[in-house]
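Structure record follows, encoded as structure tokens.
The values are calculated or read from the model by the stated rules, or taken from the named source; none is laboratory data. What you see is a predicted model; the values in this text were computed from it and never measured. Cβ sites come from the backbone with ideal geometry, for glycine too, and all protein chains shown count toward neighbours. With ligands, DNA and RNA removed, areas are computed over all heavy atoms of the protein, side chains included. Shrake-Rupley method; radii C 1.70, N 1.55, O 1.52, S 1.80 Å.
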Amino acid sequence: MVQKTIKNVVSWQGIGVHSGCFAAVELRSAVGNAGIKIFGQGQDGFIKVGSVVPEAAMHATVIRHSTGWFVSTVEHLMAALYVLQVDNVEVHIVGGEVPILDGSAMPFIQGIIRAGIIDQPVYKRRFIAPKEPIHLQDESGRSIYCANNLASNDLFVDYTAEFDHPLIGKWHYSAMFEQADYVDNVAGARTFGFAEQLPFLRKHGLAKGASLGNSVVIAESGIVNDLRIDDECARHKL
């Protein structure tokens, strides 16, 4: 398989779900072997995805440059680039946070497809796989198990999310992580949150941009806005 980049520039703008401020992101094509490089407006240097470990953060994936600047809530965009097999791209961020848009990865998927994806035939794709199974578990019993899929080059995911809430409980989703399945069954799953947690989150400077337009809101009396798909919360966690 060969590496890929995008054909045309594509951008999105909106608000950051945590900052509540204007946020924008623009993707530009990059040469082979460049990888995914993230640039912050007015900041020196760039963050190369895969060269830094995301830092501990509440309710978002945050990656930080060695000089201190950081970008938050990159997970939806990164999922879109991964599933569409875009290897090389420049990501230019305004506002320090990727915009939440509708709360899912779908707008990023649709925008990248519109921009076009082109092969870079001189450059072969490179893969990383675990030599041995990896199993991690925390004190509450949450765990993740990763193993090399010797049968194929595809990613198989079996996911169970158990929430301490009577309306959600245990949700499960299992699938071979292929592009068509992801676009049809996972990409549209939105960010979700519990109404009773909102005061706590905002006290800590989070969820300032959360709304019914970009999040599934779950209250004690029920789910405030309709779900798009079954097991939407579990699929969003994927």
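For the range 160-238, the solvent-accessible area of protein heavy atoms averages 55 Å² per residue (probe radius 1.4 Å; ligands and nucleic acids excluded). Computed per residue of the chain from DSSP H runs no shorter than four, each worth -39500 (n - 2.57), the mean residue ellipticity at 222 nm is -4000 deg cm²/dmol.
Listed by chain and number, the lysines whose alpha-carbon sits under 19 Å from that of K237, ignoring those within fewer than 8 places in the same chain, are K170. Here the range 1-66 yields Rg over Rh of 0.98, to two decimals, using C-alpha coordinates and the Kirkwood radius. Packing, as the average of other Cβ atoms within 10 Å across residues, places the peptides 44-50, 166-172 in the order 44-50, 166-172, highest first. Each listed q (0.12, 0.16, 0.21 Å⁻¹) maps to a log10 I(q)/I(0) for the range 40-128 from the Debye sum over equal C-alpha point scatterers, namely -0.41, -0.73, -1.19. Springs join every pair of Cα atoms under 10 Å in this Gaussian network model of the chain, and among N88, N185, N148 the largest mean-square fluctuation is at N148.
Taking every Cα-Cα distance in the chain and sorting them into 5 Å bins from zero, the calculated P(r) comes out as 1, 6, 12, 16, 19, 18, 14, 9, 4, 1, 0, 0 percent.
Once you've got the GNM for the chain with C-alpha springs shorter than 10 Å, pick whichever of L81, L227, L27 has the biggest mean-square fluctuation. In this elastic network of the chain, the residue with the biggest mean-square fluctuation among L81, L227, L27 is L227.
In this entry, the range 142-219 is assigned a mean projected area of 7.1 nm², taken as a quarter of its C-alpha convex hull surface.
Remark: the Cα gyration tensor places the range 94-189 in the oblate category, a/c being 1.5 or greater and a/b not exceeding b/c.
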